[in-house]
Amino acid sequence: MPVSLTTWRLLVGRFNGSKPCHHNCFKSHIVKGKYHCYLLIVLMLLLLSGNVHPNPGPKRDKDYNFSVCSWNIGSVSVHNFIKLSLLSSYNSIYKYDLICLCETFLDSSFLPDDPRFNLDGYNLIRADHPNDVKRGGVCVYVKNSLATRVCNISNLNECIIIELNLKNKKGYAISLYRSPSQSLDKFEQFLLNLDQILYNTSSLNPSFVMLLGDFNAKPSSWYSHDITSTEALCIESLTYFYSFTQLISIPTHILPNSSTCIDLIFVDQPNIIRNSGIHSSLHPNCHHQITYLKINLKVDYPPPYERLVWDYNKANVESINLAIDSFNWQTLFEGKNVNEQVYLFNKTILNIFKNFIPNKIVTFNDSDPPWVNEQKKNLDTIEKPNVQSLFAEWEKTK
């Protein structure tokens with residue numbers, strides 16, 4: 001006997017909700033032994049449907065990852081903006097949040113609203129050469145869905161500082177370019193300006209700071225085949241002073257007869273870096289490789305841990321001194337080597353302190369907000385008044 005469309009709809013509905021369907025037409029077609037057959041058919045129909053996924057699961061939050069790339073592009077406009085087209089294709093795969101470019105070779109003849117600079121979904125920020133010549137310069141493509149602002153806290157001309165607000169965390173991305181032909185005086189000024197930038201950003205108490213670009217500096221501590229230069233030592237010392245870590249340790253500027261690591265990435269929080277490295281250059285005439293990093297914005301808190309806490313304000317100092325003076329230390333140390341004596345001394349002193357200084361073991365949880373203390377935690381354990389008893393007391397007082 002054929003099954004009507006209405007019956008099929010009832011059958012499908014039978015397995016969608018928690019309530020069984022008691023329709024008469026359902027009962028007339030479902031007999032003992034055929035229930036599982038109908039169930040299998042319905043499941044097969046659902047799986048064959050083009051818009052039904054067998055197990056979609058929870059939606060993953062991809063916003064916890066933040067990615068940045070940097071590339072010395074060696075002129076944006078060369079060959080009719082071919083490198084920018086290649087960059088757009090490259091970014092369709094990796095979908096970076098920030099794209100930093102060095103040596104853009106742009107000047108005032110390229111208008112800010114020139115459609116040839118457009119990159120879908122991004123806003124462009126430029127810092128051209130200060131002499132308005134087609135040399136040097138940096139620019140940053142910022143994904144237009146990000147909450148950002150440009151910070152004017154830099155005296156460096158070819159430098160862009162962007163404040164990022166990501167998942168209630170504030171960070172800074174600094175993209176810059178340093179010319180290899182700088183004189184000694186200009187390099188000293190460069191160091192002073194860079195020092196001021198790192199000091200200003202660090203004083204704002206950010207969650208992270210990243211510094212990336214073409215530094216034209218190559219200490220052997222980053223890439224062993226490089227010959228350390230004076231500029232490299234100065235930059236290394238300055239970034240080390242602010243507790244920055246340099247992530248790139250492989251050649252980024254590759255020529256037929258040489259290779260050096262000069263396109264660098266510094267971060268002050270290496271523990272949140274999920275991945276970093278280089279990708280090959282997108283154009284055969286560009287010898288600089290692309291550097292990149294990915295940041296994990298969701299850093300899990302460590303598990304709760306216990307600590308022995310002392311109340312030194314209530315310590316019985318006289319009893320401690322008396323116990324130390326009266327203890328027979330000579331007998332304790334007799335026949336023991338230095339390591340054993342140190343161990344016994346520490347153990348004895350600690351036992352004396354435990355007897356005369358109030359102490360307790362406290363469990364700490366880093367995920368608790370700083371204003372949550374023991375007293376506030378105990379508020380939840382206070383016995384709540386019984387509403388019925390309150391009404392009964394109120395009736396007595398009427």
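Values as computed for the structure displayed
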quantity	calculated
Residues satisfying the stated conditions in region 324-340, i.e. in a helix (DSSP H, G or I) and closer than 26 Å to V309 by Cα	I324, D325
Residue count for region 80-115, restricted to those that are part of a helix (DSSP H, G or I) and in contact with a strand residue (DSSP E or B) (Cβ under 8 Å, 6 or more places away or on another chain)	4
Residue in region 301-308 that is farther than 30 Å from S85 by Cβ and more than 30 Å from the chain's Cα centre (by Cα) present	yes
Subset of region 164-186 [assigned to a strand (DSSP E or B) and either among the hydrophobic types (A, V, I, L, M, F, W, C) or closer than 15 Å to L124 by Cα (or both)]	L164, L166, A173, I174, S175, L176
Sole residue being farther than 21 Å from W71 by Cβ and of a type outside the set (S, T, Y), chosen from N285, N275, N296	N296
Restricting region 128-162 to residues that are part of a strand (DSSP E or B), farther than 16 Å from S77 by Cβ and touching a residue at least 24 places away in the same chain (Cβ under 8 Å), the residue that is farthest from the chain's Cα centre (by Cα)	C159
Strands (runs of 3 or more DSSP E) completely within region 195-293 that count 1 or more residues being among the small types (G, A, S)	208-214, 273-279
Residues satisfying the stated conditions in region 97-117, i.e. surrounded by fewer than 22 Cβ atoms within 10 Å (Cβ to Cβ) and touching a residue at least 40 places away in the same chain (Cβ under 8 Å)	F117
Test: T260 is in contact with an Asp or Glu (Cβ under 9 Å, 6 or more places away or on another chain), surrounded by 14 or more Cβ atoms within 10 Å (Cβ to Cβ) and free of Cβ contacts under 8 Å to residues at least 40 places away in the same chain	no
Contacts under 7 angstrom Cβ, first residue in region 184-208 being of a type in the set (F, W, Y), partner assigned to a helix (DSSP H, G or I), 6 or more apart	F187/E231; F208/I272
Subset of region 163-190 that is among the hydrophobic types (A, V, I, L, M, F, W, C) and out of contact with any Cys (no Cβ under 6 Å at 6 or more places or on another chain) - its residue that is modelled with the lowest pLDDT	L166
Residue in region 314-328 that is hydrophobic (A, V, I, L, M, F, W, C), surrounded by 10 or more Cβ atoms within 10 Å (Cβ to Cβ) and under 30 Å from I272 (Cα atoms) present	no
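The values are calculated or read from the model by the stated rules, or taken from the named source; none is laboratory data. Quick caveat, the model's predicted, so the values are computed rather than measured. Positions of Cβ are generated from backbone atoms using ideal geometry, with glycine treated the same way; all protein chains shown enter the neighbour counts.
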